[in-house]
Ligand SMILES: C[S@@+](CC[C@H](N)C(=O)[O-])C[C@H]1O[C@@H](n2cnc3c(N)ncnc32)[C@H](O)[C@@H]1O
C-alpha cells in the first residue's frame, strides 16, 4: 500500500506546480495515515476476537517486567512483553515445511501464552512455554487452563517459570520459537544449550525467530541452515548448509 501510494504521488505530481504538488502530497499522506490506522484497528479487533474465542487474555504490551516479577541477571537484557501478531504467526507457519503433528513447539519467553495457544491450534503434538516474569507466567497458566477447558482435544501443554538459559531442550523434534525475547548475549547462551542438545542427539529442530534483531547469533552456528531472513522473521533448520 505504502509503495503504491508513493508511486501514485510521483505519477500525479509530475506536471503540477509546487503548490498543487504540496496539496496532492498532503492528501496522499492523509490517505497513508488513514490506511495505517484502519489496519491497526482491524488487527486489534482480530486479537480481541481471538481472545474471546478461547476465553483468554493475551493482548497489550507490558514494558515493566520487574513489576511483573522478573528478576535475576538477565532482566536487563530482556525485551518487553508483546504478543505475537496473528497474521505474522500464520505467515511463519506458512513458511515452514514441517508437519506440526510430529513436532513439539517451544516458546522461549512465552509471555501470556498467545503463541502457545496458536501452536496448539496448529496441531503441534506437545507445546512448551518458558517465561521468567512470574505474573506473566501465571497469566499464561490461566490462559492455557481456559483454552484447554474450551477445547475437547488439546495437546499436552507444559509451562515453566524460569530463565530461558536454564531450560533443557527435550529429546524430540521441535520448533523453537523466539519473539525477540532477549539480547544477543542471552540468545547465545540459549543457543549453546541448543547445540549441546542437538549434538548429543541429532534431530530435526526448526527455529522461528520473529523480529530477528540478533539473527547473526543463529547465522554463526554451523549446525543450522538459514531458510528465510527478512525484516519480520527468520527461519533456520538443523542440518548441513
Ligand atoms: C516479545 S514477548 C513474546 C511473547 C510470546 N512469545 C508471544 O509470542 O506471544 C518476549 C517475552 O520474553 C520474556 N523473556 C525475556 N527474557 C527472558 C528470559 N531470560 N527467560 C524467559 N523469558 C524471558 C519476556 O518476559 C516477554 O514475556
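The values are calculated or read from the model by the stated rules, or taken from the named source; none is laboratory data. Computed from a prediction, not measured in an experiment: that's the story for all the values here. Positions of Cβ are generated from backbone atoms using ideal geometry, with glycine treated the same way; all protein chains shown enter the neighbour counts.
Details
- Residue in the stretch 119-130 that is within 15 Å of the chain's Cα centre (by Cα), surrounded by fewer than 22 Cβ atoms within 10 Å (Cβ to Cβ) and within 15 Å of the ligand (Cβ to nearest atom) present: yes
- Restricted to the stretch 62-82, and to residues there that are within 17 Å of residue 188 (Cβ to Cβ) and near the ligand (Cβ under 6 Å from one of its atoms), the residue that is surrounded by the most Cβ atoms within 10 Å (Cβ to Cβ) is 78.
- Residue that is nearest to the chain's Cα centre (by Cα) [pool: residues in the stretch 172-198 that are surrounded by fewer than 20 Cβ atoms within 10 Å (Cβ to Cβ) and outside any helix (DSSP H, G or I)]: 180
- Count of the stretch 199-236 residues which are assigned to a strand (DSSP E or B) and buried (at least 18 other Cβ atoms within 10 Å of the Cβ): 11
- Residue under evaluation residue 110, criteria (1) surrounded by 20 or more Cβ atoms within 10 Å (Cβ to Cβ); (2) assigned to a helix (DSSP H, G or I), criterion not met: (2)
- Considered as a group, the residues in the stretch 139-168 that are part of a loop (DSSP other than H, G, I, E, B) and over 19 Å from the mean Cα position of the chain (by Cα) include one that is modelled with the lowest pLDDT, and that residue is 152.
- Evaluation of residue 47 against (1) buried (at least 17 other Cβ atoms within 10 Å of the Cβ); (2) outside the structural domain of residue 163 (by TED's automatic domain parsing); (3) touching a residue at least 40 places away in the same chain (Cβ under 8 Å) (one fails), failing number: (3)
- Of all the numbered requirements in (1) without any contact (Cβ under 8 Å) to a residue 24 or more places away in the chain; (2) more than 24 Å from residue 101 (Cα to Cα), residue 188 misses one, and that requirement is (1).
- Residue in the stretch 92-107 that is within 8 Å of the ligand (Cβ to nearest atom), modelled with pLDDT of 95 or more and buried (at least 24 other Cβ atoms within 10 Å of the Cβ) present: yes
- Residue check for residue 67: under 14 Å from the mean Cα position of the chain (by Cα) and either within 21 Å of residue 159 (Cβ to Cβ) or not in a helix (DSSP H, G or I) (or both): no
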